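Enquirer: Provided herewith is a single structure, encoded as structure tokens, for subsequent inquiry.
The values are calculated or read from the model by the stated rules, or taken from the named source; none is laboratory data. Everything quoted here is computed from the prediction, not taken from an experiment. Cβ placement follows ideal geometry from the backbone for every residue including glycine, while neighbour counts extend to all protein chains displayed.
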Amino acid sequence: MRPVRRPDRMLPWAVGLLAGVLALGPALGRGYVLRYDMVFVPEPSLTTVLRGADGFPRAIPSDAVVAALSALVPGDVVQAAALLCVFTVGGAGAARLLSRPVGGAGHAASAAAGVAYVWNPFVAERLLLGQWAMLLGYAGLPWVVGAVVRLGSTGGVAGFAGLLRALIPAAVGGFSSVVLTALTAGPVALFPRARAAGAGGGSPRSPRAGAPEAGEGGEPPETSDPPVADGRSGKSVPSWVAGGPRGRVAVTGLLLLALLLVSLPWLLPSLASGAGTDPAGVAAFAARPDTPFGAVGSLFLLGGVWNSGAVPAGYGEPVTATLRLALCLVALAGWVWWLRRDRPGFGFGLSVAAGAGFGIALLGTTEPGRAVLAWLVGLWPGFGPLRDGQLYVAPLALVQALGFGAAVRWVARGGRPGRFEAGGDTASRGSAGVRGRSAWWLGVTVFAVFLPLMVLPGLVWGAGGRLVPVDYPREWLRARDAVAADDRPGAVLVLPWSAYRGLDWSGEPVVVLDPATKLFDRRTLWNDDLRVGVPDGGTVVVAGEDARAREVARALETDPATGLPDTGDPEDLAGLLGGLGVRYVMVSAPIDNEFLLRAPGVSAVVEGPGMSLFRVNDQHVKADKGRGTGLEVTGGLVTVGAIVWSVARSGSSLVLQRSGFRARPGARKEIPK
């Protein structure tokens, strides 16, 4: 058995890290990057996160992790680390999942797969939407695929512990991440492909005569850091793992159990939330064409996001789109070649997942498909995630990344099979012709590895300057401290009554979730309705899920022009707010009228050019101290305990485990199509 050298082990991580630095650039500096749903705040309150809200608790896992880490290091450092982890973990996972031989060709193939997985329109568009938590779960998909195959090959407690470790990114990512993980890994567990005994990680067929490659021929590939454990070491495995229906059911059941364990922090409170899902979101979140190839072609290119404001610069131009199309076709050809040649154990299952995901993504692009989705969402809110069609091309992204890596491997071996191995053979033979041919193929290979960056330049250096950190204004921090110093109960009402808006100080004018919704150490009340522009110029309003927010909206009767309360007589405002359990009112925009300032029983605490904080006098406030239901805490403790056990079981972690082969009230929340 050939020991794994440190460069071989570190190369996948270096590839992901380099891609992350190139993509994020200025976003890694001090300050907070605010864009759409990506809102990090200084010193977030873990207690408030765990107390939850009345809507669907999608953000509980990621917000809780951010709050816990922010107690140790500054929040902007946590944000930069989280964003960098998306690229590092994802790039390393895809690079290692590709069954690779030792040497130049294998290194090039692994690097190409890692780059392609984290540098594509899917990652760019979701990053520009601010969906960092979902992308963290996306980054963990290759690791989960590898862990499922290992579990199916070796079984036992160690295999299940490895699967739980691989699910750490999905556990942090929350709802969408777990859905994507189930879609990707489920078919891998259900449809394993057996390997011939002694074939190692390669093909059951014998290699071509005269073309041995490191890790091929009769010698198995390196196994001290294998992409997937498949019994090649000769160790005995439990009888239920030996294949057949019983083995598939067992592995699938363990996968579902692991997914359930990591989902408890959001799953338990969701069962008691009573939140519903608006079928209007089907039309709002359907995939849209962002290339000349229509919705189907855009999805195949891993684009097609519903929000035109999240499309990277230059991506939809005919030249770059055509180059991207060619790259995707080459990647699929490489995938087919790799499946036929090496027959990876997850190949068929991952192909099924990619096809199923692409089919789900296509549903929202047709009228009959939208009708089916609307019926499903109306039937059961649990079908709500199916609205965001482009989300489900994630398995296809992994297929294309691995296929691209396989194509680069074929290119790297194209001059003479086995000759492109760090120049060893060419030097010993002293042949100038062979050296020249190897140098030419080396250049072609390096070009191929960086090709994903060339066809998607809009992601370079903070997405062309669209991801720039800023500092919170001093008055915002004063408002946070004033609320924290008050021990009287009551919620914070966030106005104007439109949570997504531009902020003068937030860098590039872009729609962003009002940071006031996450700034305070107590319950915040804000409008979680979503207004989405559609291609015909209209607007779709997707009703929110927070029942208490709907109660506040009915009572306040806010002015659509200003987003501020319009109850008629200011004398009634304090009593109205106090009756709703509101202790503070945060207005994160210039106040265009004197309504709040003239209301008796309401006093200004902090005033600034772009925000004001008001307090409702004690005698008006009717509120109890917020108390959590305990479901969030219970689910979180079980999940954390399971993860700690999985790490302690092997003394490892995800990193160390052996992997697989400007501002105005009432602004629109999205940029119109």
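Enquirer: Quick one: R649 ticks every box in (1) assigned to a loop (DSSP other than H, G, I, E, B); (2) of a type in the set (K, R); (3) modelled with pLDDT of 55 or more bar one, so which box is it?
Expert: (1)
Enquirer: While we're here: Within region 461-472, identify whether any single residue is of a type outside the set (F, W, Y) and farther than 24 Å from G130 by Cβ, and answer yes or no.
Expert: no
Enquirer: Can I ask one more? Do we find that G660 is within 27 Å of L254 (Cα to Cα), modelled with pLDDT under 65 and small (G, A, S) in this structure?
Expert: Yes.
Enquirer: Examine region 108-129 for a residue that is in contact with an Asp or Glu (Cβ under 7 Å, 6 or more places away or on another chain) and over 20 Å from C328 (Cβ atoms), and state whether such a residue exists.
Expert: Yes: one or more hits.
Enquirer: Residue by residue through region 492-528, note down the ones that are within 23 Å of A71 (Cα to Cα) and of a type outside the set (S, T, Y).
Expert: V492, L513, D514, P515, A516, K518, L519, F520, D521, R522, R523
Enquirer: Related question: So in region 27-74, with the set limited to residues that are in contact with a helix residue (DSSP H, G or I) (Cβ under 6 Å, 6 or more places away or on another chain) and among the basic types (K, R), which one is surrounded by the most Cβ atoms within 10 Å (Cβ to Cβ)?
Expert: It comes out as R58.
Enquirer: Please pick out the residue among L267, L260, L299 that is closer than 15 Å to F383 by Cα, within 19 Å of the chain's Cα centre (by Cα) and part of a helix (DSSP H, G or I).
Expert: L267
Enquirer: Being assigned by TED's automatic domain parsing to the domain that holds D388, modelled with pLDDT under 95 and in contact with a Ser or Thr (Cβ under 6 Å, 6 or more places away or on another chain), is that true of even one residue in region 293-305?
Expert: For region 293-305, residues assigned by TED's automatic domain parsing to the domain that holds D388, modelled with pLDDT under 95 and in contact with a Ser or Thr (Cβ under 6 Å, 6 or more places away or on another chain): absent.
Enquirer: Condition first: part of a loop (DSSP other than H, G, I, E, B) and either modelled with pLDDT of 85 or more or under 16 Å from the mean Cα position of the chain (by Cα) (or both). Now tell me which residues in region 374-395 satisfy that.
Expert: If the condition is that a residue be part of a loop (DSSP other than H, G, I, E, B) and either modelled with pLDDT of 85 or more or under 16 Å from the mean Cα position of the chain (by Cα) (or both), then D388 is the only one that fits.
Enquirer: Looking only at region 271-296, which residues are in contact with a Pro (Cβ under 6 Å, 6 or more places away or on another chain) and in a helix (DSSP H, G or I)?
Expert: The answer is A295, and nothing else.
Enquirer: Related question: Could you please find all residues in region 484-518 being in contact with a strand residue (DSSP E or B) (Cβ under 9 Å, 6 or more places away or on another chain), buried (at least 20 other Cβ atoms within 10 Å of the Cβ) and closer than 20 Å to L576 by Cα?
Expert: Once the filter is applied, which keeps residues that are in contact with a strand residue (DSSP E or B) (Cβ under 9 Å, 6 or more places away or on another chain), buried (at least 20 other Cβ atoms within 10 Å of the Cβ) and closer than 20 Å to L576 by Cα, region 484-518 yields G490, A491, V492, L493, V494, L495, P496, S498.
Enquirer: Keeping to region 147-167, report how many residues are surrounded by 24 or more Cβ atoms within 10 Å (Cβ to Cβ) and among the β-branched types (V, I, T).
Expert: Selection size over region 147-167: 2.
Enquirer: Let me ask you something else. Can you confirm whether region 133-150 contains a residue that is at positive phi and of a type outside the set (D, E)?
Expert: no
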